[in-house]
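For reference, the structure discussed in these notes is given below.
The values are calculated or read from the model by the stated rules, or taken from the named source; none is laboratory data. Please read all numbers here as calculations on a predicted model, not as lab measurements. Don't worry about glycine lacking a Cβ; one is built from the backbone with ideal geometry, like all the others, and counts go over all protein chains shown. Surface accessibility is based on the protein's heavy atoms, side chains included, excluding ligands, DNA and RNA. Shrake-Rupley method; radii C 1.70, N 1.55, O 1.52, S 1.80 Å.
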Amino acid sequence: MKPFNRPVSNLTRRRILKSALTAGTTFLIPTLLPSSIMCSSAPSNRIVLGFIGTGNQGVNNLKGFLQFSDVHVRAVCDVNRASYGYKTASQYLGREPAQQIVDEFYSKNHPNSSIRGCYACVDYRELLARPDIDAVVITVPDHWHAIMAIAAARAGKDIYCEKPLALTIDEGRRIVEAVRLFNVVLQTGSHERSNQQSRFACELVRNGRIGRLRRMIAIVGPNNKTAPAHDWTPQPVPDGFDYDRWLGPAPYVPYHPDRCLYNFRFNLDYSGGQTTNYGAHSIDLAQWGNDTERTGPVEVEDLGGEFPSDGLFTAPTRVHFRALYANGVELICKTGPEDVQIRFEGDRGWVQTGYRGFSCWPENLQTVIFGPNDIRLGSSVNHYRDFIGAVKSRGTPAAPVEIGHRSATVCHLGNIAMLLKRKLRWDPNHERFIDNDPANRMLSKPYRAPWHI
Ligand SMILES: NC(=O)c1ccc[n+]([C@@H]2O[C@H](COP(=O)([O-])OP(=O)(O)OC[C@H]3O[C@@H](n4cnc5c(N)ncnc54)[C@H](O)[C@@H]3O)[C@@H](O)[C@H]2O)c1
């Protein structure tokens, strides 16, 4: 690991530049000054964002952040210039469509402002090198999260990083260390932390309203794309798509469209499959309700997870594992309908929440009003806004890095248990399996040169 050089923090950088300007100092000032100096309206208040990855979720994030008047999107980065081939047939995405969204937004909504001309690039390092960027939104496939998040922290940028935090458990810990060392804010994209319904369910559990918690059932959605035929053949790389940069640290393999845009989530070289994709929400809620969000289970066991026997998709086709916590609570994670994300079962009732709403027993739990002595789990109602608030206050966001890492860890543990088809003992303090070398070897993955963290 390269030694980290502590950067000048954003706020310090701003202060230095401001004092240099007022004192008339003649040292070399970068040509790209922070927006807090350049913009005339509410300058010191505005957070300048750069977006890395502008595909399916990247554009959702982009539109979500654009709505805030104290945010200025100045740069986008994507290795895909522009194409179809994302989640749905109608999505036409990549860096140029994203650049267009930003430019049209500002010319329509702020016609008289100085905000003009979104910068677009292929290499995320160009974006990180810009001193005018305060924070980055990382929405690339999971195999890139750690390299980019650590580089962003090293560059002194605050970070909104999509879930799952990392591709492996070791990478997640390295991100936590970098965020702490460089003292930047990181919000994980596990946005259920800003959903009032999800929070209420967890608060009921944490305050003993279903009695003693016994069991949690976390649901992950089924695979929603069909794998290409087993005898798939390599395809020519489309014009405008930098495939080598898309692969980055992952092993080199011939191009096929079903490997890349959106479908990366069905291949274990780039993702943990639906275990980590959905689990970063549903298992995150389990960790929250169980008050184990800064630790993890002590045992994990395969209950019949299934994987493709060969072909281009390698992620689980059926997720089913069990984890046991030191407090005796059991977590079952399985593939199921997306209606429910998490169900908590206690010895006096149950509560469940998900995309189809909230239900509980006894039914009057729905109307519980918490008192001053009850445990409350925050107040965020918009995950993007919460991040911007934390960037400004230098406070802790709703889904901070350690919590994002610990939630993703449980998902990775499940995948490892399902792949090895056995019961494993886990030490959450040292983040190592107990007496199991094959499992410990799966805590990290090698990187293809020249990529490293
Ligand atoms: N919070 C949520 O609910 C939510 C929902 C969907 C996806 N996600 C997460 O967002 C991430 C991306 O998922 P997606 O569905 O948007 O994938 P996607 O394939 O639609 O988009 C990813 C984009 O990143 C680009 N990219 C890949 N490597 C890059 C690199 N080195 N530099 C710059 N750009 C690069 C791709 O070209 C693509 O346009 C994943 O981690 C996923 O888990 C989160």
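Take the residues in segment 184-218 that are within 16 Å of the ligand (Cβ to nearest atom) and open to solvent by 20 Å² or more (accessible area, probe 1.4 Å); name whichever of them is nearest to Val136 (Cα to Cα). Among those residues, the one meeting the criterion is His191.
Among the residues of this structure, Arg173 counts as one that is in a helix (DSSP H, G or I) and more than 12 Å from the ligand (Cβ to nearest atom).
Filtered by the rule that a residue be among the small types (Gly, Ala, Ser) and closer than 24 Å to Ser380 by Cα, segment 173-208 gives Gly189, Ser190, Ser194, Ser198, Ala201, Gly208. Against the criterion of being closer than 16 Å to Ile47 by Cβ and assigned to a helix (DSSP H, G or I), Ala178 does not qualify.
Is at least one residue of segment 115-126 under 23 Å from Gly389 (Cβ atoms) and not aliphatic (A, V, I, L, M)?
no
Criterion applied to His405, His430, His412 was being assigned by TED's automatic domain parsing to the domain that holds Tyr278, closer than 18 Å to Thr292 by Cβ and surrounded by fewer than 18 Cβ atoms within 10 Å (Cβ to Cβ), and the one residue passing it is His430. Against the test of being assigned to a loop (DSSP other than H, G, I, E, B) and modelled with pLDDT of 95 or more, the options Gly279, Gly311, Gly296 yield a single qualifying residue, Gly296. Inside segment 35-74, can you point out the residues that are modelled with pLDDT of 95 or more and aliphatic (A, V, I, L, M)? If the condition is that a residue be modelled with pLDDT of 95 or more and aliphatic (A, V, I, L, M), then Ile47, Val48, Leu49, Ile52, Val59, Leu62, Leu66, Val71, Val73 are the ones that fit. Hey, among the residues in segment 269-292 that are surrounded by fewer than 23 Cβ atoms within 10 Å (Cβ to Cβ) and more than 16 Å from Thr335 (Cβ to Cβ), which one's nearest to the ligand (Cβ to nearest atom)? The extreme case among them is Asp269.
Restricting Ser359, Ser393 to those that are among the hydroxyl-bearing types (Ser, Thr, Tyr), modelled with pLDDT of 95 or more and surrounded by fewer than 13 Cβ atoms within 10 Å (Cβ to Cβ) reduces the list to Ser393.
Residues in segment 72-91 that are crowded, with 24+ Cβ neighbours inside 10 Å and either free of Cβ contacts under 8 Å to residues at least 12 places away in the same chain or among the polar types (S, T, N, Q) (or both): Asn80 only. Reported count of residues in segment 253-264, each being within 11 Å of the ligand (Cβ to nearest atom), of a type outside the set (A, V, I, L, M) and either in contact with a strand residue (DSSP E or B) (Cβ under 8 Å, 6 or more places away or on another chain) or assigned to a loop (DSSP other than H, G, I, E, B) (or both), is 2. Scanning segment 51-74 for residues that are within 12 Å of the ligand (Cβ to nearest atom) and of a type outside the set (S, T, N, Q) turns up Phe51, Ile52, Gly53, Gly55, Gly58, Val59, Leu62, Gly64. Restricting attention to segment 115-129, the residues being open to solvent by 30 Å² or more (accessible area, probe 1.4 Å) and either within 16 Å of the ligand (Cβ to nearest atom) or assigned to a helix (DSSP H, G or I) (or both) number 6. Assess whether Gln274 counts as being in contact with a Pro (Cβ under 8 Å, 6 or more places away or on another chain) and not in a loop (DSSP other than H, G, I, E, B). Considered against the rule, which asks whether it is in contact with a Pro (Cβ under 8 Å, 6 or more places away or on another chain) and not in a loop (DSSP other than H, G, I, E, B), Gln274 comes out as yes.
Applying the condition of being β-branched (Val, Ile, Thr) and in a helix (DSSP H, G or I) to segment 378-407 and asking which residue is farthest from Leu62 (Cα to Cα) yields Ile403. If you filter segment 131-170 down to residues that are among the small types (Gly, Ala, Ser), more than 20 Å from Val79 (Cα to Cα) and in a loop (DSSP other than H, G, I, E, B), you find that the one that is nearest to the ligand (Cβ to nearest atom) is Ala155. Filtered by the rule that a residue be in a helix (DSSP H, G or I) and within 21 Å of Val176 (Cα to Cα), segment 415-450 gives Asn440, Arg441, Met442, Leu443.
Of all residues being farther than 14 Å from Val59 by Cα and not in a helix (DSSP H, G or I) in segment 82-114, which is nearest to the ligand (Cβ to nearest atom)? Just the residue, please. This residue is Gly85.
Within segment 235-252, at least one residue is within 30 Å of Val391 (Cα to Cα) and in a helix (DSSP H, G or I).
Only a single criterion out of (1) under 17 Å from Gln287 (Cα atoms); (2) open to solvent by 10 Å² or more (accessible area, probe 1.4 Å) is not satisfied by Leu420, namely (1).
Among all residues of segment 148-169, there is at least one that is hydroxyl-bearing (Ser, Thr, Tyr) and in the same structural domain as Val136 (by TED's automatic domain parsing).
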